[in-house]
Amino acid sequence: MRLARAAAYAGRTLRGEWHGIVVDPVRRLLRRGLGGLFLAFLASFGVIFFHAIAQRPAGEAAVRLLGGVTADLPLWLALLRTPVSLYVPALDLPVWAGITQLFLAFALAELTLGRTRTLVIAYAATLAGTLTVRVMVALGPGRWGLGLPPETGQVLDTGPSAAVVGLFTYLSIVRRAPVVFTLTGGSMVAESVLEPNLAGREHLIAVAAAVVLGLLHGRWRALVPTRLPGRCARWGEPDARRTRDAGPVPSPGRPPAPGAPAPGRPASGGRAADTPG
């Protein structure tokens, strides 16, 4: 009996993830056309472009100058290069295998979240890894198990892979896909354990940042005051002064009390004071 329940739960979970992660984005793609994959194509072509340029020594120097981010750079320069680093692949990794993951992550995110939120999540995940590594290098080796030696500050960041990890993690949170989340987060933990390097730490940081952003998804209204002085809480609400002058407003769907004047009419039986005689 328990086995049957577990199998039914697993089936419902996989079916829900399939519809939330794959079926719904495909339906949106059929409605929007290829224009709905603008960011996915842009990111893929950007990675291919920078990878092709980096095949020559002069091109590699130019790519590093434009989008190479390390922890020993001045903060303003690192922030200036970080958006370009989203399209600069790691030179020691197979680029064509990464492009498939990059295209899939940006395509699903763009169709599900929209372009603006996709860019925000990708940039936030990358920036979180970049800034946290700077803190780890500043702590020094051996400090609480988080510090890194100074020479780590000369290693390039992960490039677009942190954005890919962040997008998949964010999608798994907002679409309630525990299997995708386990595969994404679990693979990053396994990477950090089997090959402890800077990229593994940045990927874990990207996962953590995406989890926080995913948990805050749709809850930003709770952080905003419900009513501002002199203004209405939401568009379409009646102004407080007009409501006070007009008297109490009856609840929707409930008839006024017997003997109460109808809204907009004087309480007495005569004409209103401003009605022309």
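Quick notes on this one:
- Protein-only accessible surface at a 1.4 angstrom probe places the residues Ser161, Ser172, Ser187 in the order Ser187, Ser161, Ser172, largest first.
- Probe 1.4 Å - accessible area at His19, Å² to nearest ten: 80
- Percent accessible area from carbon and sulfur atoms, region 1-153, protein chains only, probe 1.4 Å: 70
- Inter-label distance, Arg15 to Ala62: 5.5 nm, where each label sits 7 Å from its Cα along the C-beta direction.
- Additional length obtainable on full extension of the chain from Ala190 to Arg117, 0.36 nm per residue less Cα span: 23.4 nm
- Volume per residue for region 1-116 equals 161 cubic angstrom (convex hull of Cα atoms).
- Taking Cβ atoms as reference points and 14 Å as the exclusive limit, the residues near Pro178 contribute a net charge of +3, counting Lys and Arg as +1 and Asp and Glu as -1.
- Most to least accessible of Tyr170, Tyr87, Tyr123 (protein chains only, probe 1.4 Å): Tyr123, Tyr87, Tyr170
- Computed over region 31-179, the ratio Rg/Rh where both radii use C-alpha atoms and Rh is Kirkwood: 1.00
- Placing pseudo-labels 7 Å out from each Cα toward the beta carbon at His217 and Val22 gives an inter-label distance of 1.9 nm.
- Subtracting the Cα-Cα distance of Gln101 and Ala138 from 0.36 nm times their residue separation leaves 10.1 nm of extension gain.
- Heavy-atom surface of region 58-206, accessible at 1.4 Å and reported per residue (Å²): 48
The values are calculated or read from the model by the stated rules, or taken from the named source; none is laboratory data. None of these values were measured; they are calculated from a predicted model. As a convention, Cβ positions derive from the backbone with ideal geometry for all residues, glycine included, and neighbour counts pool all protein chains shown. What goes into the accessible areas is simple: the full protein's heavy atoms, side chains included, and nothing from ligands, DNA or RNA. Shrake-Rupley method; radii C 1.70, N 1.55, O 1.52, S 1.80 Å.
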